[in-house]
Amino acid sequence: MAARYWFARNIRVGHQGYDRYGKGVMPISWEGRAVIAGFIAAMISGGLSMLFIGLYTSLFALGIALFVILAIAGGGTFIWAVATKSDPDKSMAEYRAERQKNRA
């Protein structure tokens, strides 16, 4: 069964209490981790393709274009997932507390 939310807000506690705005998101399900892994894979494969196309052919512009396409696809997927699959109400600390309570 797919999780309703893939990411949770990561809120830091400062000297004045909780920060009202999140400082990023953390994955809370395997789908969130898969999105992050896909982004990393897109960036690495784009960089390697640009490197190898640039080194072994005279089509360096093709390598740059391929990197840009993969970076936009990976980044766009990550941004879409964070924007649509993040829990607006609970933070990562609250999910961790629930997991600790369920284990006990």
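The values are calculated or read from the model by the stated rules, or taken from the named source; none is laboratory data. Keep in mind that what you see is a predicted model, and the values were worked out from it rather than measured. No Cβ is skipped: glycine too gets one built from the backbone with ideal geometry, and neighbour counts run over all protein chains shown. In case anyone asks, the SASA skips ligands and DNA or RNA and just uses the protein heavy atoms, side chains included. Shrake-Rupley method; radii C 1.70, N 1.55, O 1.52, S 1.80 Å.
Restricting the stretch 50-88 to residues that are under 21 Å from residue 4 (Cα atoms) and open to solvent by 60 Å² or more (accessible area, probe 1.4 Å) leaves a set whose member that is farthest from the chain's Cα centre (by Cα) is 88. Residues that are open to solvent by less than 100 Å² (accessible area, probe 1.4 Å) and free of Cβ contacts under 8 Å to residues at least 60 places away in the same chain within the stretch 89-104 comprise 97, 98, 99, listed in sequence order.
I need a count of the residues in the stretch 51-104 that are hydroxyl-bearing (Ser, Thr, Tyr) and modelled with pLDDT of 90 or more.
Initial filter on the stretch 51-104 (hydroxyl-bearing (Ser, Thr, Tyr)): 56-58, 77, 84, 86, 91, 95.
From the residues that got through so far, the ones that are modelled with pLDDT of 90 or more too are 77, 84.
Residues flagged as hydroxyl-bearing (Ser, Thr, Tyr) and modelled with pLDDT of 90 or more within the stretch 51-104 amount to 2.
Summed over the stretch 29-49, residues that are surrounded by 15 or more Cβ atoms within 10 Å (Cβ to Cβ) and either closer than 30 Å to residue 87 by Cβ or in contact (Cβ under 8 Å) with a residue 24 or more places away in the chain (or both) total 10.
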